[in-house]
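Heads up: the structure comes next, in structure tokens.
Since every read-out is calculated from the coordinates, none of them should be taken as a lab result. The structure presented is a predicted model; accordingly, all values stated were derived computationally and were not measured. Backbone-built Cβ (ideal geometry, glycine too); neighbour counts: all protein chains shown.
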Amino acid sequence: MKRILCLVFVGLFLSCSTDRVSSNPYLQDIGFRFDLNLSLPLYSPLTNAGSAVYVENKTAGLRGIFVINTGFDTFMAWEASCPNHVPNECSTMTLKGQIVTCACEGYEYNLYTGQLMNRPEDGSRYYDLLFYRSTFNGNVVSVSN
């Protein structure tokens with residue numbers, strides 16, 4: 001019995017890897033917490049389902065964050081820098097409805113899913129939006145990583 005347990009633990013140990021296959025090589029993994037008070041005019045659009053805002057703040061994400069109200073007191077938050085290249089002068093995306101667009105290549109992303117909508121079919125690896133945790137309590141949406 002001890003041999004079997006020993007083999008299982010050795011097998012588990014050897015199968016563990018520190019490589020993160022889905023890790024985006026272009027965007028740093030930074031820690032932050034940012035609160036959006038929906039009583040403030042800047043964030044009040046988030047009181048309506050389907051509405052999104054861009055938070056341009058140096059303490060929220062790398063280039064700011066996009067937050068969308070997906071309904072039923074649920075919010076999704078995403079990095080505002082395009083995930084398919086290193087942050088630069090054109091990588092901060094623009095918001096139009098529930099779609100954000102990268103000015104560098106014209107990539108479009110859906111804020112409900114974070115997916116790249118016009119993914120090129122050239123066999124290269126493309127990344128979807130970088131997701132941040134969000135919680136809703138009272139009248140405040142807290143976004144963190």
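Per 0.36 nm of contour for each residue apart, how much would the distance between Asp73 and Phe131 grow if the chain were fully extended, relative to their Cα-Cα spacing?
Values: separation 58, 0.36 × 58 = 20.88 nm, distance 1.77 nm.
Using 0.36 nm per residue and subtracting the Cα-Cα distance, I get 19.1 nm.
Between Asp122 and Ser51, the FRET efficiency from the beta-carbon distance, with R0 = 35 Å, is close to 0.50.
Here's the picture: charge each Lys and Arg Cβ at +1 and each Asp and Glu Cβ at -1 in the stretch 46-145, and of Val67, Leu129, Thr113 the one pushed furthest to the positive end of that dipole is Val67. Stretching Arg33 away from Thr113 to a fully extended chain increases their span by 26.6 nm, per 0.36 nm per residue minus the current alpha-carbon distance. Put a dot 7 Å past the Cα of Leu40, heading toward its Cβ, do the same for Ala103, and the two dots end up 2.4 nm apart.
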